[in-house]
Amino acid sequence: MSWRKEALAQPQCPGLHPEAGFIRVEGLGMSFGDRIVLDGVDLDIHRGEVFVIMGPSGCGKTTMMRHLCGLTRPTRGSVVIEGQDVFSLAPSELRTLRLRTGLAFQGGALLGSLSVLENVALPLRENTDLDGEFVLEIARMKLEMVGLLHAADLLPASLSGGMKKRAAIARAIALDPEILFFDEPSAGLDPVTAAEVDNLICKLNQVFGITTIVVTHDLPSAQCIADRVAVFFDGRVAAVGEKEHVWHHQDERIRDFIERRMREADERDMDIATFMAM
Amino acid sequence: MTGLTLPPPGPLSDPSTAVFECASELDRHAAPDTIAAIDRLFASEPRKLVVDLRQVESFDSAGIGALVQAMRHGRERGVEVKLRGMSKSMVDFFSLVRVGSLTEPGERRSIDLDPVTRIGAATLPLLEMMADIGRMTAGAARSIFLDPFRGRMLRFDRTVRELDQAANGALPIVLLIAFLLGLILAMQAWVQLRLWGAEIFMADMVGVSVMTEIGPLMTAIVLAARSGSSNAAQLGSMVVGEEIDALRQMGVDPIRFLVAPKVVALGIAVVGLGVVFDLVAMGGGLLFGFGVADIEPYAYVAQTRTALHFADFAVALAKSLVFGLCIGVVGCGLGLRVKGGSEGVGRATTNSVVLSIFLIIIIDAIFVTGQRMLLS
Ligand SMILES: Nc1ncnc2c1ncn2[C@@H]1O[C@H](COP(=O)(O)OP(=O)(O)OP(=O)(O)O)[C@@H](O)[C@H]1O
Ligand SMILES: [Mg+2]
């Protein structure tokens, strides 16, 4: 299996109609001890779309993404990618599936002992039979895509948070995946770089038809890149659909979230009143 | 900002109501006294406690914390605690927190478990750890012995690097320990043997004890402390930093990529350094014999050669190899199952040294028993 073949096997579908049911999540539940993090999540992600997952901090977005990649086992429910149930695959099948996906972790998760360039080259070295020099050439190209070529020889420890994040994106797209996962790609980036990352995500999606799942808090960024949006609250999907549909959702909590309204101020004012002596 | 009207201060006539008047300063310094004073009021078991805050001129978070704690204690004892005469700024401060949820009594779990459950709770993690390490050992064995036949060779470059770190790094300390232990053993032997004028047999004592036991054991212990622990710490922090997950996600098996080279390198390192240890320790013995006990080096070497048997040497080598593999597997295994941040990494590091040394002694006992039983 060579890299070239895989690249050609990519569906070239910029103008193609999105295909429903590409990734199907059914009744996904997960808890750490007593703490329920995901509580019966159902999602349907179409082929070739940019699907944005939003929600307040700690509501289980990262956990959701780890399940989509098969990195964490759920307590119940299933994730089905193109008809394959991720959690009942044999290890070798799971590996094959993973080679078609790329994941940019929230904290980067770069290997500390390898330089940035070697980090990006690693998936190519380990999974293709390309020549060592050529691998570096491709890795440099990916780094240039995220504007990080100048830092190629640095170790991850000497990168800033935003640089780590971009290096992780470069590594995630190293194998030209069909499915890309981004965990908060623009958090911690300055507005210009964040816009560049958004642009990169849209370009990859349009040019290669990569199905893209993005977790983000960043409303303008979601506005710009999303085809469809899901909003999570407390481990459940509170709203899902075309972004216009979600932007104009009826639910009070979702409106508050989208319009960045503070909810709890009034509630807290009332709270102390109950403790005051009359 | 708050539409609240501050309640007017008024006299309290109810006798079951206690009143606590706060002084003008409700800050970090006054907080402990405030808490103690309110707790004393609780002791008289009032139905209601009113904290009068009219006098308060300045306050800080610790002072407010004292009030929150008083409210929590009150709630736990079923006393209704009310605040009176709060200034506007104090109300504003309170609007940043939800007192209701802060003073919620936490649920107490009973810690009195019956003995069977306690034994279960103590042994289950141990069993899980052994299962984890066992699974990892199987994975490492697969990638060391089976994968080469499937055209996936062990990562040579990584193995060499690990070997360099383990063996070269430990060489100075191993040389030093070996030399000093050789001298010490020779001295101890000499003190006993010269009573019978049998000094030359110190060559036997040093040679046999070093080659069969002390060499392999000391080398293994040094490497467990140096490399085993460092492997546990390294893999542990990679788990914490999601690097292991990232490898899996990229289709790279962390066992094959990280663990197998480390285990092989440690096996080689313990065997190699063990042989070096033997030679240097015997050299130390020889030096002592020549310098203090007047034994000719030639005679010492000849005597050593009659004392040592090839079978013992072979067993010592085999033992060293198993020690090394064991150190590698334990360090990596504990590192990979780290949970809970930097504290977990620290625990894995310590445990890896303790467990490695324990297992080394057990393996040694098995080898010695096996060898003696075969010979008899
Ligand atoms: N390893 C773990 N052990 C225990 N609890 C965990 C673990 N990982 C996550 N959690 C809990 O699961 C919940 C969801 O975590 P998750 O990381 O998915 O949140 P998130 O939506 O990605 O938040 P953020 O936007 O801040 O990244 C959190 O409340 C967290 O406390
Ligand atoms: Mg997250």
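Per residue of B:94-104, other chain Cβ atoms within 10 Å of the residue Cβ number 4 on average.
Look at the stretch A:126-136: the mean tally of other chain Cβ atoms within 10 Å of its residues' Cβ atoms is 1.
Using helices alone, I'd like the mean residue ellipticity at 222 nm for chain B: each DSSP H run of four-plus residues gives -39500 (n - 2.57), total over residue count, nearest 500.
Per the formula, -21500 deg cm²/dmol.
Between B:SER89 and A:GLN84, the modelled label-to-label distance comes to 6.4 nm, taking each label 7 Å out from Cα in the direction of the beta carbon. Summed over the residues of the protein assembly as shown and divided among them, the accessible surface reaches 49 Å² per residue at a probe radius of 1.4 Å. For region A:67-99, heavy-atom accessible area (probe 1.4 Å) falls by no less than 30 Å² from the chain alone to the full protein assembly at A:LEU71, A:ARG95, A:ARG98. Residue by residue along A:165-176, Cβ atoms of other protein chains within 10 Å of the local Cβ number 1 on average. Between A:THR75 and A:LEU155, the FRET efficiency estimated from the beta carbon spacing at R0 = 30 angstrom works out to 0.20.
Close lysine pairs were tallied over the protein assembly as shown: pairs 8 or more places apart or on different chains with Cα atoms under 26 Å apart number 20. Reducing region B:20-76 and region B:280-300 to their Cα centroids gives an inter-centroid distance of 79 Å. Per-residue 3J(HN,Hα) values for region B:359-374, derived from phi via the Karplus relation 6.51 cos²θ - 1.76 cosθ + 1.60 with θ = phi - 60°, read 5, 4, 5, 4, 4, 4, 4, 4, 4, 4, 4, x, 4, 5, 5, 5 Hz in sequence order (x marks Gly and Pro).
Compared with the direct C-alpha span, the chain from B:SER24 to B:GLN55 gains 10.7 nm at full extension, assuming 0.36 nm per residue.
The values are calculated or read from the model by the stated rules, or taken from the named source; none is laboratory data. These numbers come from a predicted model, not from an experiment. Note: ideal-geometry Cβ built from the backbone for every residue, glycine included; neighbour counts use all protein chains shown. The area values use the complete protein model at the heavy-atom level, side chains included, leaving out ligands, DNA and RNA. Shrake-Rupley method; radii C 1.70, N 1.55, O 1.52, S 1.80 Å.
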